[in-house]
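First up is the structure itself, then whatever we jot down about it.
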Amino acid sequence: MSNTENKNRITRKEFLTTSAILSAGLSTGISAKSYENIIGANDRVRVGVVGFSNRARGSLIPSFLDHADELNFELTAVSDIWNKRRNEGAAFIRKQSGQKIAKARNNEELYDEYDLDAVIISTADFQHALHCKQAVEAGCDVYVEKPFAETMQDNRAALKAVNESNKIVQVGSQRRSGRNYHAAENFIKSGKFGDIVSVEMTWNVNQPGRWRLPELTREIEKEDTDWERYLMNRPYEPWDPRKYLEYRLFWPYSSGIPGQWMSHQIDTVHWFSGLPHPRSVSANGGIYLWKDGRENFDTMTAVFDYGPLDDPSEGFQVVYSSRFTNSAGGVKEIYFSNAGELNLSTNKVTPNGGLRERHASAMGMEPNLLEDQSLSDAAGAETSADTGVDNMTSAHMRNWMQCVRSREKPNADVRAGYNHSIANIMTTAALRTGRQVTFDEENQEVMAGGDVFKY
């Protein structure tokens, strides 16, 4: 592509923003309520799919199509380095949307050959940040699945690229578009809950086949895909179909539990508290039951210290635990204050455990018990192997699409992804080194026992 052609393509991408501003009669930005007024045949938003994963098939694409006609968006191309997924993706999208979909063998071809305004990224965990960087540098707005990054090198590179662009990036932390989570945030930040004193989080399943794809692993051949392009900046190693398809079981392609599950829950701690990342993390775990060649733990527990970065006398503790081996306890997110608890499994605020009158009197304090109340009637988080088009994912996708129109900040912007990645990487470092882990604010590095953590 020539420089002139590239300039024209980028100018086309800027058309949506410019037309929105002119339609609203403003010099900068427009309100969210105004986006309906600027939809027309001439400003249809053309979107590509980067990585036709099970998540894309089961949730992201259906969620997108739920709102595409109303908001005048369309899927126009799919990129996947595996020929099977590339063909399946094009066929699936055509069946669901009735539109013919172009197929790109890789992202370079996608951005060079097709005029796109935005992309939806659902590739392997370790690729998200770098694929986001590539997309914004190609002039596209981005919806990118979590975890945002699995190393600080990738995390910093993606944040810098997004900040230097004017692109809208939504990270797939869909709790930030859940009505019950917004109700919880508002209640905590109103001061009615009191100071957070601790948080307990669990994610327990009994699924030996979670993240296993044995049939596809036997089927795929190296010639069917592009192994070197898949590895990106990870150290080279010979072709391994399990690390290509079952990557969530293997480091450094995925952290496993922290990246897949903890990233959702720890993100709410940052959101509700306004804190960017933990001050320290200690963790341990192991492969206690599912000894199938995996390298990522089937059971883990992490303990976080959160609080103001410049005041160690203030703060609270977060305990996160997860196991593949027994589902008792399920998924739990409970915030505690001295007055009671906010339970995001039941969506209720109660005085459970709060300081009782007789104990308060003995200490010369006023009792501060919460009243029973419901956060909302919104459904709780989906935790099955295939969540499908749950309400939060659909709402999260819609929020991104609206922000592509309005150019306003989405619910889970790049900084939210950057911060949950710091917590994830700190946890991975603690699990893999056995050391207490801290964060070097000046250099934006995860420190394990005083040493920079590297994979």
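The values are calculated or read from the model by the stated rules, or taken from the named source; none is laboratory data. Remember, predicted model here, so these are calculated numbers, not experimental data. Don't worry about glycine lacking a Cβ; one is built from the backbone with ideal geometry, like all the others, and counts go over all protein chains shown. Heavy atoms of the whole protein, side chains included, go into the accessibility calculation; ligands, DNA and RNA do not. Shrake-Rupley method; radii C 1.70, N 1.55, O 1.52, S 1.80 Å.
General remarks:
- For Lys133, a cut-off of 20 angstrom between C-alpha atoms picks up these lysines, skipping any fewer than 8 places away in its own chain: Lys7, Lys13, Lys146, Lys160, Lys167, Lys409.
- Within-15-Å neighbourhood charge of Cys132 [Cβ basis; K, R +1; D, E -1]: -2
- CD proxy at 222 nm, helix term only [per DSSP H run n ≥ 4: -39500 (n - 2.57); per residue of the chain; nearest 500]: -10500 deg cm²/dmol
- Stretchable slack from Leu216 to Ser190, in nm (0.36 nm times residue separation minus alpha-carbon distance): 4.3 nm
- Taking the Cα centre of the chain as reference, the dipole from Cβ charges on Lys and Arg (+1) and Asp and Glu (-1) amounts to some 640 debye.
- Solvent-accessible area per residue for segment 123-203 (1.4 angstrom probe, square angstrom): 30 Å²
- In the context of the full set of protein chains, residues of segment 222-364 present 41 Å² of accessible surface per residue (probe radius 1.4 Å, heavy atoms only).
- Counting DSSP beta bridges with both ends in the chain, the antiparallel % (nearest 5): 60 percent
- Cα-projected label distance for Arg356 with Lys100, points at 7 Å along beta-carbon direction, nm: 7.4 nm
- Each principal axis of the Cα cloud of the chain was taken in turn, and the coordinate range along them, longest first, works out to 77, 57, 42 Å.
- Qualifying aspartates and glutamates (Cα of each under 13 Å from Cα of Lys332; at least 8 residues distant if same chain): Glu200, Glu341, Glu382
- Per atom type, segment 159-285 shows carbon and sulfur on 47% of its accessible surface, probed at 1.4 Å.
- Here segment 166-311 was treated as a single set of alpha-carbon atoms; its pair distances binned every 5 Å from 0 give 2, 7, 14, 16, 15, 14, 13, 9, 6, 3, 1, 0 percent.
- Straight-line cross-link partners of Lys291 among the lysines, defined as a Cα under 23 Å from its Cα and at least 8 positions apart when in the same chain: Lys243.
- Accessible area per residue (1.4 Å probe, heavy atoms of protein chains only) ranks Tyr335, Tyr236 as Tyr236, Tyr335, with the largest value leading.
- Relative contact order of segment 118-223, pairs being alpha-carbon contacts under 8 Å that are 6 or more residues apart, as %: 20 percent
- Each of Asn204, Trp227, Phe187 was scored by the projection of its Cα onto the charge dipole of segment 174-264, and the greatest displacement toward the positive side belongs to Phe187; charges sit on the C-beta of Lys, Arg, Asp and Glu.
- Relative contact order (percent, whole number), the chain, Cα cutoff 8 Å, 6+ residue spacing: 20 percent
- Along segment 84-98 the Karplus relation, 6.51 cos²θ - 1.76 cosθ + 1.60 evaluated at θ = phi - 60°, assigns HN-Hα couplings of 4, 5, 4, 5, 4, x, 4, 5, 5, 5, 5, 5, 6, 10, x Hz to successive residues, with x for each Gly and Pro.
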